[in-house]
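*Asks:* Just passing along the structure, written as structure tokens.
Taken together, the values in this text are just the output of simple stated rules run on the coordinates, not laboratory data. For clarity, every value in this text was computed on a predicted model and none was experimentally measured. For neighbour counting, all protein chains shown are included, and Cβ atoms are generated from backbone atoms with ideal geometry for every residue, glycine included.
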2 protein chains.
Amino acid sequence: MKASQFFISTLKEAPADAEIASHQLMMRAGMIKKLGAGIYNYMPMGLRVVRKVEAIVREEMNKAGAIEMSMPVIQPAELWQETGRFEQMGPELLRIKDRHGRDFVVQPTSEEVITDVIRQDIRSYKQLPKNFYQIQTKFRDERRPRFGLMRGREFIMKDAYSFDRSPEAAKASYKNMAQAYRRIFDRFGLRYRAVAADSGAIGGDLSEEFQVIASTGEDAIVYCPQSDYAANMEKAEALAPSQPRLEPSLALTKTATPDKSTCADVAALLDMPLSATVKSLVLATDQLGEDGSIAKSTVWLLLLRGDHDMNEIKVGKIPGLDKSFRFATLTEIEEHFGCKPGYLGPFNLLKPVTLLVDRDVAVMADWVCGANVEGFHMTGVNWGRDLPEPALVADLRNAVVGDASPDGKGELAIERGIEVGHVFYLGTKYSRAMNATFLGDNGKPQFFEMGCYGIGITRLPAAAIEQNHDERGIIWPDAIAPFTVVLCPISPDRFPDVKTASDQLYADLLAAGVDVILDDRNERPGAMFADWELIGIPHRVTIGDRGLKDGHIEYQHRRDSASSQIASGEALAFLKTKLGLA
Amino acid sequence: MKASQFFISTLKEAPADAEIASHQLMMRAGMIKKLGAGIYNYMPMGLRVVRKVEAIVREEMNKAGAIEMSMPVIQPAELWQETGRFEQMGPELLRIKDRHGRDFVVQPTSEEVITDVIRQDIRSYKQLPKNFYQIQTKFRDERRPRFGLMRGREFIMKDAYSFDRSPEAAKASYKNMAQAYRRIFDRFGLRYRAVAADSGAIGGDLSEEFQVIASTGEDAIVYCPQSDYAANMEKAEALAPSQPRLEPSLALTKTATPDKSTCADVAALLDMPLSATVKSLVLATDQLGEDGSIAKSTVWLLLLRGDHDMNEIKVGKIPGLDKSFRFATLTEIEEHFGCKPGYLGPFNLLKPVTLLVDRDVAVMADWVCGANVEGFHMTGVNWGRDLPEPALVADLRNAVVGDASPDGKGELAIERGIEVGHVFYLGTKYSRAMNATFLGDNGKPQFFEMGCYGIGITRLPAAAIEQNHDERGIIWPDAIAPFTVVLCPISPDRFPDVKTASDQLYADLLAAGVDVILDDRNERPGAMFADWELIGIPHRVTIGDRGLKDGHIEYQHRRDSASSQIASGEALAFLKTKLGLA
């Protein structure tokens, strides 16, 4: 490609609403252009990146035996009503009425449609397994679209769906996809982690997220540097402490802590570590009567160490709290504790509550908690002496740095990531809802066992930039760069030898299959280099008259701080080696 | 590809709502699957065709210097309000409200969005010309979606938009695209015509449709077998007859024609050719007053030969009738003619009307028309004697077979076609509406000169099938076939030599870059052949045990009525020659 035949439109300044590096740099590099909130044009430079991401995903999906098809962007509501998602999903599901007043949705994913196709077209276990995928436009009507392609409304996703005859076969399909995803992410050339994720009601450990590592990532990734263990924060287990509980050494005391309603304030006042305090969280669950109204509510008191955070996913898996818990109302709290939040604890309750204790709290001695009297905390609290031994003990908290790794092989570390892929074993959730069956080898109808597998095609470039950029601009990995090599001739209009040499190298690189762009715009070197550094082309070759006379050209990788001289005659061979072509 | 790894799902019967061959065959061959009215899944077999069409279009657009980008499917209404299309377009424009109640549309085309991009990003004539294209999902909410992909609601279109500094430069861009379209349609391997089309208010002849010839086509194409002339019916000129008008030979007579209110009935009653009769069409135009209400209406009487049809596009270009004409109301007709329709004519008018005469009528002698008295016609009518010589004479009718070709090189013929592409010079229609300007070389802002260029990516396969099918199924041209070659081993499970030979040929063809599918499903030959003939793979190779023992395999092109024997050792070379690879 010659730059004069392409469209390059860089900006000095990022627009004010671009808050993160990838959004700012994609706008400045002319890769995307905002059309509306969370809706972007993919400009020619940006589309090249998207197409390269697509091509890698397509190749590896095909190699893994998945079959490409394409489902409509605009889908009739009927199928979504069959699974209940039409009603269950919030306003992020964009709903449409057509000219006849019929309901439609703009697809955010396509479980319903693929299940509908399969229940019509696959009749026998002999036709299984099958895995179908599409690379298609999706829409999610985010309340606050932001961060450019990171959290847009319209986006491109690769979504795949596997259909199998048994849970075992479905798990094999899942594993096949999990491996294909590793190959895909390896090829992108990004640092990433495949992390165990929560698989919700289905259970098991067949859910993994593919996270691109970036300090600006929205997700916390918990991993063990000494082993392969990695999970997202929702999933990462906090093991029970291995040290036994210490013997009590302090007397139980009601201690005045006026205006100190947080653990941190209390710890500071009492000159204790925050980890010696215990916080009280009050939850409630409702039982519904036959008419659907609330027949009975149960109040729960959760105790967590002052320096730990509750993990809602883990709490939601405790029998009795399963998913439907809520925070207790102020009225419920006062009714049971006789006190306002800030000084709550397990002492002197007005009405019984269900006590649920985090594993770490269960092994504490001489701890501090609220006294259920405003302005007072209890200090020197000890299980067995001041309170009965806890009956319900569980992992209720987020993992923290230094926790023992669940695989027993070291200590946990935490870094941040951007979720760009997800593989998920679905079981029969959708096939049951849509009565999608095949005839098993016993001649009886069985529900399809399903898995679903997504990659955020347009999110990936943003994640790549969050991971790879500097003050000058983007730094693309070779595999997804809009162009792999840029040739920058200096004043080719004045120096015919520069024009000849750069045209020749351009032709040679094209012939070698290199995705090269020749900057024939006759820009000044400074402006030219600034453009390409902003755009982030990994390999730059500068061809100048003085260098040519000395027999060399200049090469600079986008990560290099300076250029190096390469003998003109060696340029092609040098670049082929750099690009892994020789 | 091996068939066992792919998804083949053929049907014996087409669904009842599939009315035309392409719809029936795409459904039966498992290429598409209906999701809702006018909304289809592209199944794996069908998507391969779509992707091949896309690839050819993309390659040739790139070669022609167009630059690929991608605009959103869901577009904010604001830009559509700027050009007025948000209000002007009917319910075929699918409108959406998002969660905040803001208006959006699903793009049917993208003139507004690309013009918005360009008015921001192109500032100087030095950046011109530019041509941007996208291959993207579109939606048109047809009242009666039907014929499968031929008139669907959701479809994929390639739309390109050129931007130029002057009408001359824009016309050069237009010509460049018109040539690229010829290369694209040549590569598809279909019989097609590029026909002149009406360019509306812009005038000139810079509008061409690319029509795939098919007897089932919705459009009539007028062409000259002796020359290059081709136009669509709206556009094709009916020249003035070259023969002079004959002298009057009959007396003007008021003739009773009771209950004969059509030209055909009158001609039959009077035993005359239909071409000796003249029909009267009454139109009206309205002038609006300052308050927008109708201030004054003008009634027009159009005279056309009884065997000719009015061409609304041509009539709409007559000064005074320009586009805003309507058919006169019954009240207007009775007020001016004193008679009901069926016996109308230019005689004995109660109020004056504007008389507009078709070129053919102007040279008629001794003709017949209504007498403006119910049950009577005038016969022996002659210009100059019974009526003044006509003042307004124009081409008002559709061309018919046998008309002289407008290029003077022969007689016109008519065939039917399916419009799959359109190139159009837009002028400044959109740039003016959206105030999109650049700085000209005189330093002054100028409106961009635009062109737009579409190809119906998903309509093309349907058009290809309308042109190329037989009672057994589809017949794909090589370039867009889902697979170019199918290998059909007969009972490879029983005959190891069959399996070995077909596996080897499969590997050899793959290595030669041939898009081949090996049918390893172990189907019976009859079912296997029926599937591939329905699906329409152009080249089939059958490998059987008996043939192998005799040293041959069987080859059959989809258009052949029988197979021919090829020496086994020559199979690869034979196929490479057939496919133009050797």
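*Asks:* Convert 20 °C to kelvin, take the viscosity as 1.002 mPa s, use the Kirkwood radius over C-alpha pairs of segment A:153-243 as Rh, and evaluate the Stokes-Einstein diffusion coefficient in µm²/s, rounded to a whole number.
*Replies:* The calculation lands on 141 µm²/s.
*Asks:* Sticking with this one: Show me, for segment B:278-288, the HN-Hα J-couplings you get by feeding each phi into the Karplus relation (A = 6.51, B = -1.76, C = 1.60, θ = phi - 60°), rounded to Hz, glycine and proline as x.
*Replies:* These are the phi-based 3J(HN,Hα) values: 10, 9, 10, 10, 10, 10, 9, 10, 10, 9, 8 Hz.
*Asks:* Measuring label to label, 7 Å along Cα→Cβ, what does A:Gly65 give against each other copy in nm, shortest first?
*Replies:* Result for A:Gly65, in nm, nearest copy first: 5.0.
*Asks:* Given segment A:253-394, what percent of its DSSP beta bridges are antiparallel, to the nearest 5?
*Replies:* DSSP beta bridges in segment A:253-394 are roughly 70 percent antiparallel.
*Asks:* Can you compute the radius of gyration and Dmax for segment A:253-394, using only the Cα atoms, both in Å?
*Replies:* My reading of the Cα-based Rg and Dmax gives 15.1, 53 Å.
*Asks:* Distances from A:Asp291 to the same residue in each other copy, label points 7 Å out along Cα→Cβ, in nm, shortest first?
*Replies:* Its label point is 6.0 nm from the equivalent points in the other copies.
*Asks:* Find the Rg to Rh ratio for segment B:483-578, where Rh is the Kirkwood radius over alpha-carbon pairs and Rg uses the same atoms.
*Replies:* 0.91
*Asks:* So, in Å, what gap is there between the alpha-carbon centers of segment B:147-216 and segment A:244-293?
*Replies:* So the separation of the two Cα centres works out to 74 Å.
*Asks:* Averaging the inverse of every distinct alpha carbon separation and then flipping it gives the Kirkwood radius. What is it for segment A:240-299, in angstrom units?
*Replies:* Result for segment A:240-299, one decimal place: 15.6 Å.
*Asks:* Using Cα-only point scatterers and the Debye equation, what is log10 of I(q)/I(0) for segment B:18-115 at each q in 0.10, 0.12, 0.15, 0.25 Å⁻¹, rounded to two decimals?
*Replies:* These q points yield log10 I(q)/I(0) values of -0.44, -0.63, -0.90, -1.13.
*Asks:* Now, a different point. How far, in nm to one decimal, is A:Lys549 from itself in the other copies if the label point is set 7 angstrom along Cα toward Cβ? Shortest first, please.
*Replies:* 8.3
*Asks:* Which value, in nm² and rounded to one decimal, describes the direction-averaged projected area of the C-alpha convex hull of the protein assembly as shown?
*Replies:* That works out to 63.0 nm², a quarter of the Cα hull's surface.
*Asks:* Separate question: Could you check the simple spin-label distance between B:Arg326 and A:Asp228, using points 7 Å along Cα→Cβ, in nm with one decimal?
*Replies:* 7.6 nm
*Asks:* In segment A:1-94, which GluC sites (Glu not before Pro) are in a loop and have at most 11 other Cβ atoms within 10 Å, using DSSP for the loop call? Each step should come with its number before you reach the end.
*Replies:* Details: sites: A:Glu13, A:Glu19, A:Glu54, A:Glu59, A:Glu60, A:Glu68, A:Glu78, A:Glu82, A:Glu87, A:Glu92; in loops: A:Glu13, A:Glu19, A:Glu92.
Passing both the DSSP loop test and the Cβ count: A:Glu13.
*Asks:* Per residue Cα convex hull volume for chain B, in cubic angstrom?
*Replies:* 217 Å³
*Asks:* Sticking with this structure for a sec: If eta is 1.002 mPa s and T is 20 °C, what Stokes-Einstein diffusion coefficient results for segment A:196-323, Kirkwood Rh from Cα pairs, in µm²/s?
*Replies:* Diffusion coefficient, whole number: 115 µm²/s.
*Asks:* Give me the three principal axis extents of segment B:119-168 from the C-alpha atoms, as integers in angstrom, largest value leading.
*Replies:* Sorted largest first, the three principal extents are 46, 22, 16 Å.
*Asks:* Show me the helices of chain A, taken as full DSSP H stretches, that run 18 Å or more along their long axis by Cα and average -1.0 or above in Kyte-Doolittle hydropathy. Provide the component values of the computation, followed by the final result.
*Replies:* Numbers: long enough: A:44-63 (28 Å, -0.33); A:167-188 (31 Å, -0.88); A:496-511 (22 Å, -0.08).
Qualifying helices: A:44-63, A:167-188, A:496-511.
*Asks:* Also, I was wondering about something else. Counting every Cα pair in segment A:436-545, what percent are over 25 Å apart?
*Replies:* More than 25 Å apart: 44 percent of the Cα pairs in segment A:436-545.
*Asks:* Right, next: Over segment A:483-578, what is the percentage of antiparallel beta bridges among all DSSP beta bridges, to the nearest 5?
*Replies:* 50 percent
*Asks:* If you don't mind, there's one more thing I want to ask. Work out the charge dipole of the protein assembly as shown with +1 on the Cβ of Lys and Arg and -1 on the Cβ of Asp and Glu about the Cα centre, then indicate which of A:Leu581, A:Pro225, A:Pro390 is farthest towards its positive end.
*Replies:* Projecting each Cα onto the dipole axis, the largest value belongs to A:Leu581.
*Asks:* Treating only the Cβ of Lys, Arg, Asp and Glu as charged (+1, +1, -1, -1), what charge dipole size does segment A:253-394 show about its Cα centre? Round to the nearest 20 debye.
*Replies:* Here segment A:253-394 has a charge dipole of around 180 debye.
*Asks:* Still on this structure: Please give the Cα centre distance for segment A:44-74 versus segment B:379-394, rounded to the nearest Å.
*Replies:* Here the two parts' Cα centres lie 68 Å apart.
*Asks:* Output the antiparallel fraction of DSSP beta bridges having both residues in chain B, as a percent to the nearest 5.
*Replies:* 80 percent
*Asks:* Which ³J(HN,Hα) values in Hz, rounded to whole numbers, follow from the phi angles of segment B:402-417 under the Karplus curve 6.51 cos²θ - 1.76 cosθ + 1.60, where θ = phi - 60° and Gly and Pro get x?
*Replies:* Running phi through 6.51 cos²θ - 1.76 cosθ + 1.60 with θ = phi - 60° gives x, 4, 5, 5, x, 8, x, 10, x, 10, 7, 10, 10, 9, 9, x Hz.
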